[in-house]
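Worksheet: one structure, shown below.
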Amino acid sequence: MPKVAQAHLAARRQAIMEAACKVFCTKGIHSATMADVAAEAGISPGAIYRYFSGKDDLARVCMADSEAVVSRWKMPPEPGEDPLQEMIELARLTFSLLKNPHEKSDTILMLESVLAAVRESDEAALRSIRDEQAEAARGIARRLAAAREKGELPPDLDSELFAGAMLSFYWGSRVARLVDPGADSEGQLDQMMNMLARSSTPSAAP
């Protein structure tokens, strides 16, 4: 396929995706229609299906996180690495992405999908969301457990509970930025990570 044609198709797909994200954020995924997306993109509804299989496919694309970062959380820490430091650096990278312009729409769409699943008692959708969150939590817990085994964290630290707390903090930070875009999420993360890193350091004698 000629490069010009490829560039045109890529640009059209991107335009459709941006239109869908805007419509979904405004109307909600459940209420929005493919006709709404087509009108926003300035094309016919049928043309969308050359690029996306349907509304659910568009919603998944609009809510996609940075695949590189997501993949790193799912991978176990590399042997020989400092697991605590690796987790802290990966957490900082993850939170740095919250400053990207598209993250606001990603957060809104995620909340829309959760609310729609709860309202409709869509157990399949809720299970999918839970599974995705559980996989992320496992990635955090593996690093915490490895750091605990190396003596970098207190032996009584519950890696699974703390991983759940970190994940809750992450999503809470995303919601907080909807209310206050200037919220210093990275600074708050640093405070948490500093406390975690110091938790295994013996207190100085009085």
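The values are calculated or read from the model by the stated rules, or taken from the named source; none is laboratory data. Fair warning: this is a prediction, and the values are worked out from it, not measured in the lab. Methodologically, a virtual Cβ is constructed for each residue, glycine included, from the backbone with ideal geometry; neighbour enumeration extends over all protein chains shown.
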Matching residues in segment 110-160 - criterion: being hydrophobic (A, V, I, L, M, F, W, C) and over 20 Å from residue 88 (Cα atoms): 110, 111, 114, 115, 116, 117, 118, 124, 125, 126, 129
Residue list for segment 140-198, filter: assigned to a loop (DSSP other than H, G, I, E, B) and under 25 Å from residue 106 (Cα atoms): 180, 181, 182, 183, 184
Residues satisfying the stated conditions in segment 112-127, i.e. touching a helix residue (DSSP H, G or I) at 6+ places or on another chain (Cβ under 8 Å) and either hydroxyl-bearing (Ser, Thr, Tyr) or buried (at least 16 other Cβ atoms within 10 Å of the Cβ) (or both): 112, 113, 116, 117, 125
Only one of 176, 163 that is over 13 Å from the mean Cα position of the chain (by Cα), more than 19 Å from residue 82 (Cα to Cα) and assigned by TED's automatic domain parsing to the domain that holds residue 86: 176
Boolean, residue 180 is over 22 Å from residue 114 (Cα atoms) and surrounded by fewer than 17 Cβ atoms within 10 Å (Cβ to Cβ): no
Some residue of segment 115-138 being closer than 21 Å to residue 198 by Cα and among the charged types (D, E, K, R): no
Cβ-Cβ under 7 Å pairs, at least 6 apart or on other chains, segment 128-142 side crowded, with 19+ Cβ neighbours inside 10 Å, far side outside any helix (DSSP H, G or I): 142/76; 142/77
Long-range neighbours under 8 Å by Cβ, at least six apart or interchain, first residue in contact (Cβ under 8 Å) with a residue 40 or more places away in the chain within segment 149-173, second exposed (fewer than 13 other Cβ atoms within 10 Å of the Cβ): 153/199; 154/199; 157/199
Subset of segment 14-33 that is crowded, with 20+ Cβ neighbours inside 10 Å and assigned to a loop (DSSP other than H, G, I, E, B) - its residue that is farthest from the chain's Cα centre (by Cα): 32
Answer from 84, 126, 93 - the residue that is part of a helix (DSSP H, G or I), closer than 25 Å to residue 57 by Cβ and of a type outside the set (S, T, N, Q): 126
